[in-house]
Amino acid sequence: MLMVNYISPSRVRSIHNYFWPSTSPLMPVPLMYDVGEHFVAMWREVLSHWLQFNGFSSLCDNRSIILASHQCIIFKAGSISSVVIYNKLREESQQHSELMVDSSFHGYLDHLFVNLTAVCDELPHQDMDEHYKIKIPDGPSAGSLSSGSIWGILRGLETFSQLLVPVGHSFTIKTLQILDFPRFSYRGIMLDTARHYLPVSKIKEQLDIMAINKFNVLHWHMVDDQSFPYQSKAFPNLSKEGSWTSNQIFTAEDIADIVEYARLRGIRVIPEFDTPGHTQSWLGQPGLLTKCYLNTGAPNGFGPIDPTNPSNYEFLEKLFAEITGVFPEHFVHLGGDEVDTKCWQSNQKISAFMRAHGITGHYDKLTEIYILTLQSIVRNLTSQNGYIVWQEVFDAGVNIPKDTVVHFWKNYHDLGQRIGIATKAGHRVIVSAPWYLNYIKYGVDWHKYYEFEPTNFYGNSYQKSLIIGGEACMWGEYVDATNLTPRLWPRAALVSNK
């Protein structure tokens with residue numbers, strides 16, 4: 001008799017007696033699963049050639065993907081069981097005898113048939129299909145994993161690897177059926193490499209953990225006031241003058257390495273180049289930043305990008321053309337948050353521009369001119385990219401195109417109302433407000449990350465369908481390579497379980 005379980009869309013968990021140990025070993029927990037009372041066993045010695053792939057044509061660039069997934073299963077399972085696997089106190093024959101007398105033992109599994117039922121995509125994308133089905137057993141001495149996409153195959157292989165329980169020289173797994181697909185198409189982690197530089201190896205480490213938890217977006221906040229580590233071929237002075245050191249940069253080769261590493265794990269990499277504010281490190285481009293002045297007229301440093309200088313838009317067009325050539329992802333995060341207008345107010349040239357355009361004193365309109373021009377630049381690039389902006393752009397009343405994705409990060413008491421207004425205007429929404437994991441406090445804080453419900457706002461079903469997902473953010477003011485992983489994990493895993 002199978003125990004039938006359904007996990008509601010809210011993913012509220014109340015699970016007992018699931019496999020063994022007594023709680024679910026899966027993160028995130030599958031949407032639907034049936035668990036039997038029996039188990040099957042697999043010998044570790046044959047696991048390395050145990051997977052059988054069907055439906056993978058030569059037209060699909062998937063060999064490296066499958067290899068990476070295959071190794072993920074073998075080595076991950078091996079790592080958690082190495083003490084047991086190589087414990088020679090129990091001989092194989094003895095273990096076989098013990099299994100045979102167990103009334104729950106249902107035999108051995110010789111193969112897992114991995115069935116891809118459609119042509120796979122080359123790159124992960126916003127609308128990629130990640131559903132999969134697992135059936136153990138599915139025919140004599142075999143199980144099956146099926147999906148209509150390579151990304152679903154990856155998620156299913158990850159689930160399967162988490163189901164393996166090491167017992168002596170073998171692995172055991174409950175007889176079961178799983179049907180799983182994500183509730184949200186956007187499940188992100190944001191890393192900040194501007195406040196503190198993060199080496200490529202540390203970013204890859206996060207991608208590995210993200211894959212385990214089925215995150216599918218790395219939002220890479222690459223540059224900010226503090227540093228400009230992106231090495232532009234068109235504008236090399238940006239990193240030359242803006243990076244922490246000449247060694248703490250990301251070359252085009254570094255980025256390609258990270259993007260490919262993420263692709264093999266079904267993870268998109270969305271770059272963020274936040275403007276017009278947060279640009280103090282962009283001094284390598286002459287004339288880009290606004291000159292600030294004291295009341296006496298004396299110079300007082302630099303502020304946001306000068307939105308009144310036509311040559312600045314020519315620069316931005318060349319820079320974003322290069323960025324979108326390095327990052328194959330459709331979306332670019334354009335930022336737009338925390339623009340300090342005091343410098344604009346102090347600049348007589350900008351005041352004259354505003355008078356000429358009839359917007360004197362309305363600095364939100366000056367911001368609108370900049371944002372809309374930048375969006376037009378990005379939209380009309382050869383790659384025709386989409387764009388994401390932080391919520392201040394929408395909150396300020398900027399008349400952004402409906403295809404703009406609005407990213408909510410401010411945890412206002414009326415967050416739900418603000419999201420409702422954005423979705424009523426037809427914008428897709430990403431939510432990060434409750435998941436700023438760089439904030440820590442004494443004691444337990446994980447429950448608040450788990451309890452937040454992104455669709456808990458007043459709106460119709462269409463509005464709620466515009467919530468494409470959420471993102472856990474790890475800002476880098478007090479985080480570097482030494483403490484990134486323990487600060488981010490396992491707390492971020494709660495976000496993937498929504």
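Values computed for the structure shown
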| read-out | value |
| --- | --- |
| Verdict on ILE371 being under 29 Å from ARG187 (Cβ atoms), over 22 Å from the mean Cα position of the chain (by Cα) and in a helix (DSSP H, G or I) | yes |
| Subset of region 211-224 that is of a type outside the set (Phe, Trp, Tyr) and touching a residue at least 60 places away in the same chain (Cβ under 8 Å) - its residue that is nearest to GLN248 (Cα to Cα) | HIS221 |
| Among residues of region 196-205, those that are in a loop (DSSP other than H, G, I, E, B) and buried (at least 22 other Cβ atoms within 10 Å of the Cβ), counted | 1 |
| Among the candidates ARG379, ARG428, residue that is of a type in the set (Lys, Arg), within 26 Å of VAL326 (Cα to Cα) and either over 22 Å from the mean Cα position of the chain (by Cα) or loosely packed, with under 15 Cβ neighbours inside 10 Å (or both) | ARG379 |
| Search result, residues across region 375-384 that are modelled with pLDDT of 95 or more and not hydroxyl-bearing (Ser, Thr, Tyr) | GLN375, ILE377, VAL378, ARG379, ASN380, LEU381 |
| For TYR439: the one exception among (1) open to solvent by 40 Å² or more (accessible area, probe 1.4 Å); (2) over 30 Å from ASN483 (Cα atoms) | (2) |
| Candidate set from region 269-296 (those that are hydroxyl-bearing (Ser, Thr, Tyr) and under 19 Å from LYS349 (Cα atoms)); member that is most open to solvent (accessible area, probe 1.4 Å) | THR296 |
| Subset of region 218-236 (residues that are open to solvent by less than 10 Å² (accessible area, probe 1.4 Å), more than 10 Å from TRP282 (Cα to Cα) and more than 18 Å from the chain's Cα centre (by Cα)) | PRO229, TYR230, SER232 |
| Residue, nearest to LYS202 (Cα to Cα), within region 241-268, restricted to residues that are open to solvent by less than 10 Å² (accessible area, probe 1.4 Å) and either among the aliphatic types (A, V, I, L, M) or in contact with a Gly (Cβ under 7 Å, 6 or more places away or on another chain) (or both) | ILE258 |
| Any hit, region 327-345, residues being farther than 30 Å from ASN438 by Cα, in contact with a helix residue (DSSP H, G or I) (Cβ under 9 Å, 6 or more places away or on another chain) and open to solvent by 10 Å² or more (accessible area, probe 1.4 Å) | yes |
| Condition broken by PRO182, with the remaining ones in (1) open to solvent by 10 Å² or more (accessible area, probe 1.4 Å); (2) assigned to a strand (DSSP E or B) satisfied | (2) |
| Meets criteria (within 27 Å of GLU272 (Cβ to Cβ), at pLDDT below 95 and touching a Phe, Trp or Tyr at 6+ places or on another chain (Cβ under 7 Å)) for ARG187 | no |
| Pairs with Cβ under 6 Å, 6+ apart, first in region 315-341 and over 23 Å from MET190 (Cα atoms), second of a type in the set (Gly, Ala, Ser) | LYS318/ALA234 |
| Hey, ILE421 buried (at least 19 other Cβ atoms within 10 Å of the Cβ) and closer than 30 Å to LEU218 by Cβ or not | no |
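The values are calculated or read from the model by the stated rules, or taken from the named source; none is laboratory data. Treat the numbers as computed from the prediction; the structure is a model and nothing was measured. Counting neighbours? That spans all protein chains shown, and the Cβs are built from the backbone with ideal geometry, glycine included. Just so you know, the surface numbers come from the protein's heavy atoms only, side chains and all, with ligands and any DNA or RNA stripped out. Shrake-Rupley method; radii C 1.70, N 1.55, O 1.52, S 1.80 Å.
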